[in-house]
Structure formats: C-alpha cells, structure tokens
Amino acid sequence: MNSGPMNSGADSTSAHGFSPISGSAIRVGVDLGDRSYDVLVGNGVRHELAAMIPTGVRRVAVVTQQGIPFTVDPGVPFELFTIGSGEDHKSLTTIGELCSGFARMGLNRADAVVGVGGGMVTDVAGFAAASYHRGVPVVHVSTTLLGMIDAAVGGKTGVNIAEGKNLVGAYWQPSGVICDLDALSALPLRELRCGRGEMAKYHFLTGDDLLAMDEPERIARCIAIKADVVGSDERESGRRALLNYGHTLAHALEIATHYDIAHGEAVAIGLIYAAHLARELGRIDDARVDDHYRVVGRAYELDTSLPTGLDHHQLLMSMGRDKKALDGLTFVLDGPDGVEVVVGVPADAVLRALESMSAAQGQGGAVTCMPD
C-alpha cells in the first residue's frame, strides 16, 4: 500500500520508545518535550496507575461510567464520579457537573483527574481537567479498543453541541495513558468493531502490515503512529489532520443518525467514502478503491455501506461544518503522494462520490457486516 507522507516501520517506532517492558507489556513514548509521557499497553497494566500519578498529588477525582470491567487504585485518596452513557452526556452540562463535584471535594491544581473508560470518558475527563482551575493533571485508563488507539492519546478533548460533534474542547495532554488489554475480553463485538474502524485507517497512513502483528503489537503500533504525528503537530495545524482520514463523512453520519451509528462504524464507512471521493477527483484509481474495500470490509469485517434514507445534501452541509475546514469543503484524501489534506473540494464532486458509493452498494461493491 502507498505509505504516504508519514514515517513507517522501525523509524517512528524507535523514535518513540516502542519497547517491551515487564512481561508482555509494551511502552510507547509520546515526545512533547517537557510534557512527554508514556503509554503502557498490555494485560494488567492498570496496576501501574499509581506510578503514573504526578509527584505531589494528594487526591484524585476518578471519572468513569457504569459497566467498566475493572476498578483502579491511584495510590492516593480519591472520589469516584460516574457520568452517564451515550453521546447525550458528552456535553457542557456534564463538564459543569464534574467541575462542581471537583470543587465540593476540594480538588485543587496540585491534584489530578483520572479518566477510566472508553473514548467518551477520556474526552470528558480530559476536558474537565483542562477547564477546572484552568488545568489540572489527568491520567487516562482506556478500556476500549477505540479509546486505546485514538481517543486517550494525543491530548484532544471535547464535547458535543447541537451543531456538531466535538466542537467545544481543548488540547490538554495527559500525564500518562494506560491501555489494559484485560478490558478487551469484556467488550461486546460491536465495540471491538468500532475500534477496528479506527485501526483500519492506519493501513492507509503507513506501509505497515498491521494484520501480520499480534494484538498487543498492533495496538502499540497504532499508538506509536499517532504519537509520531502528535509529536510533530500537537495542535492539528498540519500533519495531525491526517489522523482524521475517514472522519469528515463519519461525523456527518453520526449527527444524521442521532448517533445510532457508533463512531468507529462511521469511520469505516467514511474511509470507503473518502476512497470514492479521491477517485472522483482523479487522485486514485479503481484498484486503490478496491484496497479500501479489502481492508475495511473483508479484513476487518466492517460495514462499508451508507445508511439508507439519508439526505445527501444534508450530509454535504454537515461536512462543510467539519472542524478542519480551511477553505470551503476540506477532506483528508488518498492520492499519488499518500494521504493528505485537500482543501476547496467542489460540492458537486462530494455529491457525485456519495452517489457512486450508493451505486456500488447496489452492484455488490459493498461489504455489509451488521453489528450485534
């Protein structure tokens, strides 16, 4: 596959301390100068949480949800805050409730927040930590595949408003991230597929054969790729936008379906759409579009079909409000030089790509795997 403009293979791995530690655990470093931190990947690594809490912290606010498969011990006194499940709770109201709770427990700038859960929890906990006292340390314990390879790493936090997903937030790097693979055995199949939707995009950002790796190494490699990008472009002024491959349509689909379609499922469909749009613009050929169907639909067994009954013009309007829009419609698209940001994409091309993708579904060009 086309490796694109990113480093691949051992270079980015060694540059970010991708190394085995005790047992089967792997350490990945996120290089941000004096704000650098480690990501631990492996079974049982949640027991390393106390070592990741910054020195001098006297108390911790643990933000989590019902149904998380394990508890954590930060090694200092802590208070538990359980937030609601579902995108409706990923809101400014939840942030306000958390910050009020932090104040009641006496949390101050020398203390810390710990987010334990999937991407929603780490997004909310991170934004609350960034906002309270204008910033307190946060450590994430990620419990979903999607969270491990995407949401918990990189410092992007945010909540939704009626006009769009993650439109209000902050960049706030954690002091450390723990990805305990014990949590994955408790995940429903649909949650695992959501993670694979994000994982699939990494196949098109580097030349790595992720499918040849075992699960811990594959997860660690995805984290290392993201760490490499974050280290070079923390605030998404350029290269980091490449991590949004497949996300422009994905966010529009989430909004249009009122989040009945989960994020990773939407990203999988968004990757296929991005391939159709790139072909519409003459950037890639049919064989490269087929590569996307092969990885997303066949290797990862994800749905590659647009949901039926959606208004294409409404999707177009929603995509126009995407956060990375720089000059009119902006997409991350594959091409002869790899995946890159493309600005000023014509609206008629966007609509034609939606039509061609719908037509491919009718001709058997899509692979549909309905979630359990």
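No lab work stands behind these numbers, since they all come straight from the coordinates. Please read these numbers as outputs of a predicted model, since none were measured by experiment. Glycine also receives a Cβ, built like all others from the backbone with ideal geometry; neighbour counts cover every protein chain displayed.
What the table shows:
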quantity	calculated
Over the range 10-232, relative contact order from alpha-carbon pairs under 8 Å, at least 6 apart, %	25
Overall dimensions of the range 245-362 as given by Cα atoms, namely Rg and Dmax in Å	12.9, 36
Likely footprinting exposure, Thr55, Thr122, Thr330, fewest C-beta neighbours within 10 Å first	Thr55, Thr330, Thr122
Relative contact order of the chain, pairs being alpha-carbon contacts under 8 Å that are 6 or more residues apart, as %	17
Whether the range 62-121 is rounded, prolate or oblate, judged on the alpha carbon gyration tensor where a/c under 1.5 counts as rounded	oblate
Cβ-based charge dipole, the chain, positive-most Cα from Ile95, His292, Ala262	Ile95
Peptides 306-316, 345-355 ordered by average Cβ neighbours within 10 Å, highest first	345-355, 306-316
Residue-count net charge about Gly84 - beta-carbon cut-off 14 Å; Lys, Arg +1, Asp, Glu -1	-3
Rounded to 5, percent antiparallel among DSSP beta bridges of the chain	40
Global size of the range 10-232 as Cα Rg and Dmax, reported in angstrom	16.4, 50
Within-13-Å neighbourhood charge of Ile261 [Cβ basis; K, R +1; D, E -1]	-2
Phi-based couplings in Hz for the range 238-244 (Karplus 6.51, -1.76, 1.60; Gly and Pro marked x)	x, 4, 4, 4, 4, 5, 8
20 Å-binned pair-distance histogram of the chain (Cα, whole percent)	31, 58, 11, 0
Charged-residue dipole, Cβ positions (Lys, Arg, Asp, Glu), the chain about Cα centre, Debye nearest 20	840
Test item: Cα-centred dipole of the range 30-174, Lys/Arg +1 and Asp/Glu -1 on Cβ, debye	300
Alpha-carbon centroids, the range 293-323 and the range 126-191: separation in whole Å	24
His47, His292 arranged by Cβ crowding within 10 Å, fewest neighbours leading	His47, His292
Fewest-first ranking of Lys156, Lys201, using other Cβ atoms within 10 Å as the exposure measure	Lys156, Lys201
Alpha-carbon centroids, the range 202-250 and the range 37-60: separation in whole Å	24
Phi-based couplings in Hz for the range 342-352 (Karplus 6.51, -1.76, 1.60; Gly and Pro marked x)	10, 9, x, 6, x, 4, 5, 5, 4, 5, 5
Under 5 Å, built H, 5+ apart or other chain: amide partners of Phe78	Val60
Derived scalar couplings ³J(HN,Hα) [the range 204-211; Karplus, 6.51 cos²θ - 1.76 cosθ + 1.60; whole Hz; x for Gly, Pro]	9, 9, 9, x, 5, 8, 5, 5
Met105/Ser358 FRET efficiency (R0 45 Å; Cβ-Cβ; nearest 0.05)	0.30
